[in-house]
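The values are calculated or read from the model by the stated rules, or taken from the named source; none is laboratory data. All values derive from a computational prediction rather than experimental measurement. Cβ placement follows ideal geometry from the backbone for every residue including glycine, while neighbour counts extend to all protein chains displayed.
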Amino acid sequence: MIAENYSLTGKQILHFETFGFLVRRNVFSAEEVAKINGEFDRRRASILAEIDPEEKRTFTQWPTRNPENPFTASLLDDPRIYVPSEQLVGEDSIPIQSHCNSYGKSSGWHVDTFDRRLCVIKNILYLQPTTADRGALRVIPGSHRSPLSEDLRNMDLYGFHDDTSPFLNASGMRGEDIPCYIFESEPGDVITFNELTWHAAFGGYKDRRSLSYNFFTNPKADDEIESMKKIVEHTPANTQGLGTVGLEYHPNWLENADNNPRRARWINWLEKWGFTDVLNN
Amino acid sequence: MSMLTEQQITFFNTFGFIILRKVFSDEELAIMDDEFETSLKTIQGERPDNEVPKHFNWSNLGPETPFLSLLPEDPRICETAEQLFGEHVIAVSSNSNRRVGNTHWHTDQSHPHSYGLKFAAYLQPLNSDNGAFRVIPGSHKQPFNDKLKHIEMHSSEITVPYYSCDSAPGDIVIFNFATWHSSFGGSTNRRMCTIDFYKNPETPEEVEGTYDQVIVDEKVYAKLRAYGSGFHPHWLANPQNSPRRQRWIDWLRKYGFVKSEEA
């Protein structure tokens, strides 16, 4: 039973707004991480057996909202995830996607969105220790805001793989040479970042693991609504591109057997905007 | 030949700093170490009980440090400064610095319209744990620069995200005065040589900022300067008749950085 209030302090919120990310240490216990990793082992093994027996994929992703990984699925209803998220993007924010991720290599410098009209955050739990040369997430502080955001884009840094970054190719630099904060972490730590924040991870290896829970601002202004419509429209193609395995919203999760009011609100919203249609078909 | 590539200039403009590796040879480093050590001993000898303050500096523009006094005019330095801040930049100081312990987060910009850059050559190998220059990349630009003033950098709730400019003797870190920086874990004898350049003011606000900088420099050096003036008469005499140095001297006199009694 989680009894504590997991609210962020004013200083933590200011840190997030200023730098575009926030680190919380020891949010989950070693026992909880072991439980998550156990579920991750089993689910990954069954997915690989089904769709990738030769393990040729460099990225395998599946939604958390699935009864086959019940503890991992429950984290979305855990105040350690939703309380800080609601503080950062609004009490009526919505977790549209939540995933288990198994990477096969490094990730070059990129942002998750260039659209400034909606605030989207991602909570990430790395399930193995991370260091600078072994998969630690790197973020460029303050890069979610102008002018740094545009400066990085204009210098042609973007490249999910190092060899696709025009700046790195022209300069002879490596992705590791870009100045940043390196989130060296232990399993149980959580980093939350604005999806506009530039980030990367180097020293990748087979089955580098993370859980990700993203929360979107509930759109109200015309430009926010317009932006959300575009997201609904492009989400199927993006999901297909990533090769996400399985339904984003399992019927078991949609059933909401415990009548959790927060989950009920999320489900109503996801149905109203069409996400249950586009991500479950 | 340009000192910096197009990508290096872009890097500096984007992040507010750049590290240049192996600028000085081993032979040059030996001379720099020797001139630094000789000056330090002279200063210590002139102070009561050989007492040395935690943070202090002295000018390298005197004849007793001939190699260091010419560094501002070294093409590796001044032409790089000209690439970054325009051909009319002015060298306003060349100092040796001896520091002890931590230097907390700050910028070197004293006025919102006063622009400058610093070349820092560290004489010892430094990493994040023993006093390397730490920087918040991109913090030289607004509004990020101002927002950082509202962060309680010393709070235990805040971990200031930074990049550590690990360096070896011979490397130079160049940074925009406005870039937030610090140093933690330094030894009791951290040594560096610095050369400052100011951008030539082009607007009324920048002119005002330059005059403001004169006052700030006087206050800072009154606190940190171990002895003497920043501008030795030997350097001001410009015995080699360097046109570049003469332009700098004329500018320094015009704005009041060099007082008439120093001339």
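Could you list, in sequence order, all residues of the stretch B:104-133 that are surrounded by 18 or more Cβ atoms within 10 Å (Cβ to Cβ) and part of a strand (DSSP E or B)?
B:Trp105, B:Gly116, B:Leu117, B:Lys118, B:Phe119, B:Ala120, B:Ala121, B:Tyr122, B:Leu126, B:Phe133
So which residues in the stretch B:198-207 are surrounded by 15 or more Cβ atoms within 10 Å (Cβ to Cβ) and charged (D, E, K, R)?
Correct list: B:Lys199, B:Glu206.
Taking the stretch B:232-260 only, how many residues are modelled with pLDDT under 90 and under 30 Å from B:Arg99 (Cβ atoms)? Steps first, answer last, please.
Let us first name the residues in the stretch B:232-260 that are modelled with pLDDT under 90, namely B:259-260.
Remaining after also requiring under 30 Å from B:Arg99 (Cβ atoms): B:259.
So the answer is 1.
Looking only at the stretch A:119-132, count how many residues are surrounded by 19 or more Cβ atoms within 10 Å (Cβ to Cβ) and more than 15 Å from A:Arg145 (Cβ to Cβ).
Final tally of qualifying residues: 7.
Do we have A:Ser85 as outside any strand (DSSP E or B) and without any contact (Cβ under 8 Å) to a residue 40 or more places away in the chain here?
It is false that A:Ser85 is outside any strand (DSSP E or B) and without any contact (Cβ under 8 Å) to a residue 40 or more places away in the chain.
How many residues are assigned to a loop (DSSP other than H, G, I, E, B) and closer than 25 Å to B:Gly86 by Cβ if we restrict to the stretch B:167-181?
Within the stretch B:167-181, the first condition is being assigned to a loop (DSSP other than H, G, I, E, B), and the residues that meet it are B:168, B:170, B:177-180.
Applying the additional criterion that residues be closer than 25 Å to B:Gly86 by Cβ yields B:177-180.
Residues that pass the stated criteria total 4.
If you go through the stretch B:167-204 one residue at a time, how many are aliphatic (A, V, I, L, M), in contact with a strand residue (DSSP E or B) (Cβ under 6 Å, 6 or more places away or on another chain) and away from chain A (no Cβ under 13 Å)?
Going residue by residue through the stretch B:167-204, those that are aliphatic (A, V, I, L, M) are B:168, B:172-174, B:178, B:192, B:195.
So of that shortlist, the ones also in contact with a strand residue (DSSP E or B) (Cβ under 6 Å, 6 or more places away or on another chain) come out as B:172-174, B:192, B:195.
Right, trim to away from chain A (no Cβ under 13 Å) and you get B:172, B:174, B:192, B:195.
Of the residues in the stretch B:167-204, 4 are aliphatic (A, V, I, L, M), in contact with a strand residue (DSSP E or B) (Cβ under 6 Å, 6 or more places away or on another chain) and away from chain A (no Cβ under 13 Å).
Between a residue in the stretch A:210-225 that is surrounded by fewer than 16 Cβ atoms within 10 Å (Cβ to Cβ) and any residue that is of a type in the set (Ser, Thr, Tyr) and at pLDDT 95 or above, which pairs come within a Cβ distance under 6 Å, given they are 6 or more apart or on different chains?
none
Somewhere in the stretch B:2-20, is a residue small (Gly, Ala, Ser), surrounded by 14 or more Cβ atoms within 10 Å (Cβ to Cβ) and either under 27 Å from B:Arg247 (Cβ atoms) or over 20 Å from the mean Cα position of the chain (by Cα) (or both)?
Here is the first cut: in the stretch B:2-20, the residues small (Gly, Ala, Ser) are B:2, B:16.
Applying the additional criterion that residues be surrounded by 14 or more Cβ atoms within 10 Å (Cβ to Cβ) yields B:16.
From the residues that got through so far, the ones that are either under 27 Å from B:Arg247 (Cβ atoms) or over 20 Å from the mean Cα position of the chain (by Cα) (or both) too are B:16.
The answer is yes; a qualifying residue exists.
Given (1) within 25 Å of B:Glu28 (Cα to Cα); (2) more than 14 Å from chain A (Cβ to nearest Cβ), identify the lone condition not met by B:Asn102.
It fails just one condition, (1).
Hey, among A:Gly172, A:Gly246, A:Gly203, A:Gly241, which residue is touching a Phe, Trp or Tyr at 6+ places or on another chain (Cβ under 7 Å) and not aliphatic (A, V, I, L, M)?
Result of the check over A:Gly172, A:Gly246, A:Gly203, A:Gly241: A:Gly246.
Hey, among B:Leu123, B:Leu117, which residue is at pLDDT 95 or above and within 30 Å of B:Trp251 (Cα to Cα)? Quick ask: steps written out before the conclusion?
Numbers: B:Leu123 fails: within 30 Å of B:Trp251 (Cα to Cα).
Result: B:Leu117 is the single residue among B:Leu123, B:Leu117 that is at pLDDT 95 or above and within 30 Å of B:Trp251 (Cα to Cα).
Based on what the data block shows, is A:Pro53 within 14 Å of another protein chain (Cβ to nearest Cβ) and either within 30 Å of B:Ile158 (Cα to Cα) or out of contact with any Ser or Thr (no Cβ under 8 Å at 6 or more places or on another chain) (or both)?
Values: within 14 Å of another protein chain (Cβ to nearest Cβ): no; either within 30 Å of B:Ile158 (Cα to Cα) or out of contact with any Ser or Thr (no Cβ under 8 Å at 6 or more places or on another chain) (or both): yes.
No: the conditions fail for A:Pro53.
Got a sec? Which of A:Glu248, A:Glu186, A:Glu195 is among the charged types (D, E, K, R), touching a Cys at 6+ places or on another chain (Cβ under 9 Å) and closer than 22 Å to A:Leu125 by Cα?
A:Glu195
Tell me, please, whether a residue that is within 21 Å of A:Pro63 (Cα to Cα) and more than 11 Å from chain B (Cβ to nearest Cβ) can be found in the stretch A:167-188. Working first, answer last.
Going residue by residue through the stretch A:167-188, those that are within 21 Å of A:Pro63 (Cα to Cα) are A:187-188.
Next, from what is left, pick out any that are more than 11 Å from chain B (Cβ to nearest Cβ): A:187-188.
Yes, that holds for at least one residue.
How many of the residues in the stretch A:149-181 are without any contact (Cβ under 8 Å) to a residue 24 or more places away in the chain and either under 22 Å from the mean Cα position of the chain (by Cα) or more than 24 Å from B:Arg134 (Cβ to Cβ) (or both)?
Going through the stretch A:149-181 one residue at a time, the tally reaches 8.
Could you pull out the residue among A:Phe59, A:Phe16, A:Phe71, A:Phe28 that is under 18 Å from the mean Cα position of the chain (by Cα), within 14 Å of chain B (Cβ to nearest Cβ) and of a type in the set (Phe, Trp, Tyr)? It would help to see each step written out before you state the result.
Values: A:Phe59 fails: within 14 Å of chain B (Cβ to nearest Cβ); A:Phe71 fails: within 14 Å of chain B (Cβ to nearest Cβ); A:Phe28 fails: within 14 Å of chain B (Cβ to nearest Cβ).
Residue meeting the stated conditions: A:Phe16.
Identify, please: which residue in the stretch A:138-166 is among the small types (Gly, Ala, Ser) and facing chain B (nearest Cβ under 10 Å) and is, among those, surrounded by the fewest Cβ atoms within 10 Å (Cβ to Cβ)?
Step one: filter the stretch A:138-166 for residues among the small types (Gly, Ala, Ser), giving A:142-143, A:146, A:149, A:159, A:165.
Pick out the ones that are also facing chain B (nearest Cβ under 10 Å) and you get A:142-143, A:146, A:149.
Values: A:Gly142: 26, A:Ser143: 29, A:Ser146: 12, A:Ser149: 21.
Result: A:Ser146.
Search the stretch B:142-166 for residues being in a helix (DSSP H, G or I) and within 8 Å of chain A (Cβ to nearest Cβ), and hand back the single one that is nearest to A:Ile178 (Cα to Cα). Explain how you work it out, then say what you get.
Residues of the stretch B:142-166 in a helix (DSSP H, G or I): B:144-150.
From what is left, the residues that are within 8 Å of chain A (Cβ to nearest Cβ) are B:144, B:147-148, B:150.
Values: B:Phe144: 18, B:Lys147: 22, B:Leu148: 21, B:His150: 26 Å.
The extreme case among them is B:Phe144.
Just wondering, is there one or more residues in the stretch B:68-88 that are under 30 Å from A:Pro166 (Cβ atoms), within 14 Å of chain A (Cβ to nearest Cβ) and of a type outside the set (Phe, Trp, Tyr)?
No, the stretch B:68-88 contains no residue that is under 30 Å from A:Pro166 (Cβ atoms), within 14 Å of chain A (Cβ to nearest Cβ) and of a type outside the set (Phe, Trp, Tyr).
Looking at the stretch A:233-256, can you tell me whether even one residue there is over 18 Å from the mean Cα position of the chain (by Cα), surrounded by fewer than 17 Cβ atoms within 10 Å (Cβ to Cβ), within 14 Å of another protein chain (Cβ to nearest Cβ) and farther than 21 Å from A:Leu118 by Cα?
The answer is no; no qualifying residue exists.
Being of a type in the set (S, T, N, Q) and at positive phi is the filter; apply it to the stretch B:208-247 and report the residue that is surrounded by the most Cβ atoms within 10 Å (Cβ to Cβ).
Taking the stretch B:208-247 first, the residues of a type in the set (S, T, N, Q) are B:210, B:213, B:229, B:238, B:240-242, B:246.
From what's left, at positive phi: B:238, B:241.
Values: B:Asn238: 14, B:Asn241: 8.
Restricting to residues being of a type in the set (S, T, N, Q) and at positive phi, the top hit is B:Asn238.
Can you pull out the strands (runs of 3 or more DSSP E) entirely within the stretch A:145-246 that have at least 1 residues that are over 27 Å from A:Ile96 (Cβ atoms)? Give the derivation first.
Values: elements: A:181-183, A:190-194, A:199-201, A:208-216.
By residue number, A:181-183.
Kindly indicate the residue of the stretch B:29-70 that is closer than 23 Å to B:Gly131 by Cα and of a type in the set (Asp, Glu) and also farthest from the chain's Cα centre (by Cα) among those meeting that condition.
Within the stretch B:29-70, the match that is farthest from the chain's Cα centre (by Cα) is B:Glu51.
From (1) surrounded by 22 or more Cβ atoms within 10 Å (Cβ to Cβ); (2) modelled with pLDDT under 95; (3) within 14 Å of another protein chain (Cβ to nearest Cβ), pick out the condition that doesn't hold for B:Ile136.
It fails just one condition, (2).
Identify all residues within the stretch A:144-199 that are of a type in the set (A, V, I, L, M, F, W, C), closer than 21 Å to B:Gly16 by Cβ and touching a Gly at 6+ places or on another chain (Cβ under 6 Å); write none if there are none. Lay out the reasoning, then the answer.
The initial filter retains those residues of the stretch A:144-199 that are of a type in the set (A, V, I, L, M, F, W, C), namely A:148, A:152, A:155, A:157, A:160, A:167-168, A:170, A:173, A:178, A:180, A:182-183, A:190-191, A:193, A:196, A:198.
Cutting the leftovers down to closer than 21 Å to B:Gly16 by Cβ gives us A:148, A:152, A:155, A:157, A:167-168, A:170, A:173, A:178, A:180, A:182, A:196, A:198.
Hit for the stretch A:144-199 is A:Leu148, nothing else.
Does B:Val173 satisfy the criteria of being within 22 Å of B:Leu70 (Cα to Cα) and under 18 Å from the mean Cα position of the chain (by Cα)?
Working: within 22 Å of B:Leu70 (Cα to Cα): yes; under 18 Å from the mean Cα position of the chain (by Cα): yes.
Considered against the rule, which asks whether it is within 22 Å of B:Leu70 (Cα to Cα) and under 18 Å from the mean Cα position of the chain (by Cα), B:Val173 comes out as yes.
Suppose we filter A:Thr276, A:Thr197 for residues that are over 30 Å from B:Asp166 (Cα atoms), at pLDDT 95 or above and β-branched (Val, Ile, Thr); which single one remains? If you could, list the steps in order and put the result at the bottom.
Working: A:Thr197 fails: over 30 Å from B:Asp166 (Cα atoms).
When all the criteria are applied, what remains is A:Thr276.
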